[in-house]
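Inspection log for the structure reproduced underneath, given as structure tokens.
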Amino acid sequence: MGKRKAGRDKAVKEQYEDFPYPPRNPEDERGRLITGSPSHLDEINHYIFAGKRDFSKPFRALIAGGGTGDAAIMLAQQFADRCPLGSVTYVDLSKASRAVVEERAKVRGLSNMVFHTGSLLELPQMGFEPFDYIDCCGVLHHLEDPEEGLKSLNSVLAEDGGMGLMVYATLGRVGVYHVQNALKTLVGNLPPKKQVQLAKKFVEDLPSTNWLVRNPFVGDHKMGEDAAFFDLLLHPRDRSYLVPEIVELLQSCNMELVTFLEPVKYDPAVFIKNKDLLKRVKELTSVEKAALAENVTGNQKTHIFYARPKGSEGSSIAKISQHMMPVLKDGNSPEMLAKTFKGQKNFSISFDNEQVSFVLPDRISEIVSLMDGDRKLSDIQKEMSLSWEGFRTLFGPTFKFLNSLNLLWLKQG
Ligand SMILES: C[S@@+](CC[C@H](N)C(=O)[O-])C[C@H]1O[C@@H](n2cnc3c(N)ncnc32)[C@H](O)[C@@H]1O
């Protein structure tokens, strides 16, 4: 067992030396910043710090298993723009991946990052001060013992801090593990580049009955990138999770779930229409609802979620109040959203091939048109000539709708 583990540890490290993931060209930093979830600063503030974090104070972020640096670069850039004492610590096993992210940081002129090559399992011995926030995406599911990995992360997290995590989801990856197992038998003992070459031939000839061929949600192996192909189908070690397994993992590490993202994907009421069934849905706990939604939709390939140490006081999620300011996710201007919703009763959106339709909340167009990044909720209330209670009642459904799509967060104004 010990020997097999050591062999797989070595194979995982070798994979990411040969195929840094995801493939990124540092020169692209001149033209765009990749943003996403988790770990957008406004999202962290909303879900981990109840929207009240003061970013003029020092803020220590750890990106564990940071790969080629998407999250590390996003956060470091956001710190450079608005959190002058913020710092990003990057840790990864792969020197080749670190070289890519260091070059990306150089192109952007970022000086608020430090880099370490090593295993996140060694974090407790690395002598770091506690981190306010830890990002660990696409990593825990590659460890021999993910619980050991999460405990290691938790040991360097500040008591009032939180984590943004991503692990693979089971149902949307149907077929991936069948092909991985077949390829382990056929080419598992060959050098990585040779494995890719032969595995591509294998995949080309798969019969139409194969579950990967029948799974319309998985396409990374068709993108033409060897790194993506290897990561999906030749990985020496990965596993996937169902919602209850994530909750168990967190509990075993003395942590609790804050939220899954996007929240709408974990709301079964979006997908179940029958009124009697909906009544039964209402009686479920939030975790039971999330697990049900996963079983209903069947197309989730990853689970993205925020978590925090168990026993932390109160909720860490921002709440509607007069002092809060609505923050629209980058790329969504008030004008654009107001125009999209104006005069519409319904709104449709596609989640991984599934079209979902929502009834739009009252006066949503007018409300979003006032979310200019300067107005607090009390300012918007006054602008709409409503009492606070009247505004709160009106704003609740708009907030729930846009927040569930992960388009809207709150921060202290
Ligand atoms: C799939 S990539 C994800 C990269 C990045 N987090 C992202 O989401 O784009 C997984 C990364 O985890 C790193 N990794 C795997 N096991 C690790 C460990 N025990 N300690 C640190 N990094 C590890 C790999 O080297 C690789 O760069």
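Go through Lys265/Lys301; Lys3/Lys184; Lys52/Lys282 and tell me which ones have a Cα-Cα distance over 21 Å in this structure.
Details: Lys265/Lys301 12 Å; Lys3/Lys184 17 Å; Lys52/Lys282 30 Å.
Table pairs above 21 Å Cα-Cα are Lys52/Lys282.
Mind checking the angle between helix 70-82 and the chain's longest principal axis? C-alpha axes, 0 to 90 degrees, to the nearest 10.
40
Given the -39500 (n - 2.57) contribution per DSSP H run of 4+ residues, what per-residue ellipticity at 222 nm results for the chain, rounded to the nearest 500 deg cm²/dmol?
That calculation yields -12000 deg cm²/dmol at 222 nm.
For an R0 of 51 angstrom, estimate the FRET efficiency from the Cβ-Cβ distance between Glu366 and Thr185 and round to the nearest 0.05. Walk me through the numbers on the way to the answer.
Working: r = 61 Å, r/R0 = 1.19.
Approximately 0.25, to the nearest 0.05.
With both partners inside the chain, how many of the DSSP beta bridges are antiparallel, as a percent to the nearest 5?
About 50 percent, rounded to the nearest 5.
What list of ³J(HN,Hα) couplings, whole Hz, do you get for the range 317-322 from phi and the Karplus terms 6.51, -1.76, 1.60, once you set θ to phi - 60° and write x for glycine and proline?
Calculated HN-Hα couplings, in order: 8, 4, 10, 5, 7, 4 Hz.
So if I take the centroid of the Cα atoms in the range 70-97 and the same for the range 313-360, what is the distance between those two points in Å?
Going from one Cα centre to the other spans 28 Å.
To test your reading of the geometry: what angle, between 0 and 90 degrees and rounded to tens, separates the Cα axis of helix 192-204 from the longest principal axis of the chain?
Long axis of 192-204 versus the principal axis of the chain: about 70 degrees.
Between Lys342 and Ser155, 0.36 nm times their residue separation minus their Cα-Cα distance comes to what?
Gain on stretching Lys342 to Ser155: 62.4 nm.
Rank the residues Leu407, Leu234 as a footprinting-exposure proxy: fewest other Cβ atoms within 10 Å of their Cβ go first. List each step's numbers first, then the result.
Numbers: Leu407 16, Leu234 24.
Going from sparsest to densest Cβ surroundings: Leu407, Leu234.
What angle, in degrees between 0 and 90 and rounded to the nearest 10, separates the Cα long axis of helix 2-18 from the longest principal axis of the Cα atoms of the chain?
Here the helix axis deviates by roughly 70 degrees.
Considering only Ser312, Ser39, Ser348, give the residue with the highest GNM mean-square fluctuation for the chain, with springs between Cα atoms whenever their separation is below 10 Å.
Its mean-square fluctuation being the largest, the pick is Ser348.
Direction-averaged shadow area of the convex hull around the Cα atoms of the range 40-126, nm²?
5.6
Put +1 on the Cβ of each Lys and Arg and -1 on the Cβ of each Asp and Glu in the chain; which of Tyr16, Gly66, His235 then has its Cα farthest toward the positive end of the dipole?
My answer, from the dipole projection, is His235.
About its Cα centre, how strong a charge dipole does the range 43-128 have in debye, to the nearest 20, once Lys and Arg get +1 and Asp and Glu get -1 at the Cβ? Can you show the working numbers first?
On the way: 10 positive and 8 negative charges, 42 e Å.
Dipole about the Cα centre, nearest 20: 200 debye.
Quick query: amide H of Phe351 versus all other amide H atoms, modeled in the peptide plane; which residues come in under 5 Å with a sequence gap of 5 or more or a different chain?
Amide H neighbours of Phe351, under 5 Å, 5+ apart: Val356.
So if I take the alpha carbon set of the range 201-247, get Rg, then get Rh from the Kirkwood formula, what is the Rg over Rh ratio? Please report the intermediate quantities before stating the final value.
Working: Rg = 12.8 Å, Rh = 12.5 Å.
Reported Rg/Rh, Kirkwood definition of Rh: 1.03.
Measure out, as a whole number of angstrom, how far apart the alpha-carbon centroids of the range 379-394 and the range 120-160 sit.
A separation of 43 Å, based on Cα centres.
Given a Förster distance of 30 Å, report the FRET efficiency between Ser56 and Arg32 from their Cβ-Cβ distance, rounded to the nearest 0.05.
In this case the efficiency is close to 0.65.
What percent do you get for the relative contact order of the range 16-154 when only Cα pairs under 8 Å and 6+ apart count?
28
Could you pull the Rg and Dmax for the range 276-334, using just the Cα atoms, both in Å?
Calculated on Cα positions, Rg and Dmax stand at 16.3, 39 Å.
Just subtract the alpha-carbon distance of Phe271 and Ser333 from 0.36 nm times their residue separation and send over the number in nm, one decimal.
19.5 nm
Once Rh for the range 3-53 is found with the Kirkwood sum over Cα pairs, what is the Stokes-Einstein diffusion coefficient at 20 °C and 1.002 mPa s, in µm²/s?
Working: Rh = 14.4 Å.
D, rounded to a whole number, is 149 µm²/s.
Using DSSP to call loops (not H, G, I, E or B), can you name the GluC sites (Glu not before Pro) in the range 323-372 whose Cβ has at most 10 other Cβ atoms within 10 angstrom?
Working: sites: Glu335, Glu354, Glu366; in loops: none.
Within the range 323-372, no GluC sites (Glu not before Pro) qualify (loop, at most 10 other Cβ atoms within 10 Å).
Can you list, largest first and rounded to whole Å, the semi-axes you get for the chain by taking the square root of 5 times each eigenvalue of its Cα gyration tensor? The partial results should precede the final answer.
Details: eigenvalues 268, 143, 84 Å².
In descending order the semi-axes read 37, 27, 20 Å.
Just Val174, Val243, Val359 to compare: in a GNM of the chain, with alpha carbon springs under 10 Å, which one fluctuates most?
Of Val174, Val243, Val359, the Gaussian network model singles out Val359 as fluctuating most.
Taking Rh as the Kirkwood radius, which is the inverse of the mean 1/r over Cα pairs, what is the Rg/Rh value for the range 314-413?
Values: Rg = 13.4 Å, Rh = 14.0 Å.
Rg divided by Rh gives 0.96.
Sequence neighbours fewer than 8 away in the same chain don't count; with that in mind, list the lysines whose C-alpha is under 22 Å from Lys106.
Here the lysines satisfying the reach criterion relative to Lys106 are Lys95.
Quick note: the coordinates plus some simple rules give every number you see, no bench work behind them. What you are looking at is a predicted structure, and each value in this text was computed from that prediction instead of being measured. Note: ideal-geometry Cβ built from the backbone for every residue, glycine included; neighbour counts use all protein chains shown.
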